[in-house]
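Shown next, in structure tokens, is the structure this report addresses.
The values are calculated or read from the model by the stated rules, or taken from the named source; none is laboratory data. Everything numeric in this text was worked out from a predicted model, so none of it was measured. Please note: Cβ atoms are built from the backbone with ideal geometry, for glycine as well, and neighbour counts cover all protein chains shown.
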């Protein structure tokens, strides 16, 4: 099982000091970082974190202290500025603006990372995709090795699917900023599965597929999950605020007549008025996905990579409604495996979602395929493999 919270403590003959840099305000990027941080701690290494004000609440349960960057260096502020200053531009020009902002932000953030690395006597820097630019600069200036932990599929040169198809106009950001930075990392760990990523065998030598890097906190599963009844259908919105509430509304209505119990996790949209709920629906701000997926017949989401990896891990069919970012690329890969159906934003209706859900949950071949993928993925321990590679640097 790839459960970093249950890793046995392993002795290490050469303890190292790792500094984890988390800059994306607690989005999907941070989950793989938490997984490797917990795994490194289990091997008796020293781990500290650097990030924005949202990071301590994630790292504190692990006993990891966080150096918090100045508020003006938070990544969220860059996006807020973009929305305010570039909202009138075309999507292509907005992406160019964002790319230039990211480059400028990385240059301003890097000195703070350098200072923290020096104060903490860090031996290795570890960064998610969004922090790769700043960490590259800091690591190169201090002569330190650094590792990129990518929370989605491969985004480097000559990918298995054109970047335009995966990211639309945002492809410039990945082509011109993220990919070149990762190309200069000491090591890149992709929290994805090779077979999921179109069976791609063209990774650069310092890039490696790990499989899903899950962080599972102490089990606090709600008691209602174990009550007798129909299987669950997990409907989960993005961990980073998007305008994807229509997925929730279509799911509540479309699944009301199916033999499932619907658990909708709204995240930052918790205050949305969804009207009168049907008897088979329950709404929560947040519930850990694993305990639900263990008892689920279906997952509905916008196609975040982390949620899709968990559904594959548990052998649960999916309806994916890509809303932005990398979600179109994630959904295409899940659909190729034969365990997911895609509904586009423009086609989303409660009726279509309900029909699609019935087809997925009633077809035994889809369920069998999902179980087969789950068995294959569970033959390895991605977190242990990732930590072994980190430890070897």
Exercise for review: For residues that are under 16 Å from the mean Cα position of the chain (by Cα) and not in a helix (DSSP H, G or I), scanning just the stretch 322-357, find the one that is surrounded by the fewest Cβ atoms within 10 Å (Cβ to Cβ).
Suggested key: 324
Point to revise | Residue match in the stretch 210-230 (condition: at pLDDT 95 or above and outside any loop (DSSP other than H, G, I, E, B)) | key: no
Review point. Just checking, how many residues over the stretch 176-190 are surrounded by fewer than 20 Cβ atoms within 10 Å (Cβ to Cβ) and touching a helix residue (DSSP H, G or I) at 6+ places or on another chain (Cβ under 6 Å)?
Key: 2
Exercise for review: Consider residue 266 carefully, then state whether it is crowded, with 16+ Cβ neighbours inside 10 Å and assigned by TED's automatic domain parsing to the domain that holds residue 235.
Suggested key: yes
Practice item. Using the structure shown, decide if residue 259 is assigned to a loop (DSSP other than H, G, I, E, B), at pLDDT 95 or above and outside the structural domain of residue 28 (by TED's automatic domain parsing). Key: yes
Practice item. Report the residue count in the stretch 358-392 for those that are over 24 Å from the mean Cα position of the chain (by Cα) and without any contact (Cβ under 8 Å) to a residue 24 or more places away in the chain. Key: 7
Check your understanding: Among (1) surrounded by 14 or more Cβ atoms within 10 Å (Cβ to Cβ); (2) over 19 Å from the mean Cα position of the chain (by Cα), where does residue 210 come up short?
Key -> (2)
Check your understanding: With respect to residue 176, is the statement that it is within 18 Å of residue 199 (Cβ to Cβ), assigned by TED's automatic domain parsing to the domain that holds residue 39 and in a helix (DSSP H, G or I) true?
Key -> no
Exercise for review: Select the helices (runs of 4 or more DSSP H) contained entirely in the stretch 27-125, then report the ones holding at least 3 residues which are closer than 22 Å to residue 392 by Cα and modelled with pLDDT of 95 or more.
Suggested key: 30-42
Exercise for review: Could you grab me the full set of residues in the stretch 180-201 that are in a loop (DSSP other than H, G, I, E, B) and either without any contact (Cβ under 8 Å) to a residue 40 or more places away in the chain or more than 18 Å from the chain's Cα centre (by Cα) (or both)?
Suggested key: 184, 185, 186, 194, 198, 199, 200, 201
Review point. What do you reckon, is residue 22 buried (at least 22 other Cβ atoms within 10 Å of the Cβ), at pLDDT below 95, touching a helix residue (DSSP H, G or I) at 6+ places or on another chain (Cβ under 8 Å) and under 20 Å from residue 290 (Cα atoms)?
Key: no
Practice item. Select from the stretch 88-109 the residues that are farther than 9 Å from residue 173 by Cα and touching a helix residue (DSSP H, G or I) at 6+ places or on another chain (Cβ under 6 Å) and write down the one among them that is surrounded by the fewest Cβ atoms within 10 Å (Cβ to Cβ). Key: 91
Exercise for review: Quickly run through the stretch 144-170 and pick out the residues that are without any contact (Cβ under 8 Å) to a residue 24 or more places away in the chain and either in contact with a helix residue (DSSP H, G or I) (Cβ under 6 Å, 6 or more places away or on another chain) or buried (at least 19 other Cβ atoms within 10 Å of the Cβ) (or both).
Suggested key: 163, 164
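Can you tell me how many residues in the stretch 262-309 are outside any loop (DSSP other than H, G, I, E, B) and touching a helix residue (DSSP H, G or I) at 6+ places or on another chain (Cβ under 6 Å)? Give the derivation first.
Taking the stretch 262-309 first, the residues outside any loop (DSSP other than H, G, I, E, B) are 262-265, 267-269, 281-284, 289-293, 296-301, 305-309.
Remaining after also requiring touching a helix residue (DSSP H, G or I) at 6+ places or on another chain (Cβ under 6 Å): 263-264, 269, 281, 289, 291, 293, 297-301, 305-306, 308.
Here the count works out to 15.
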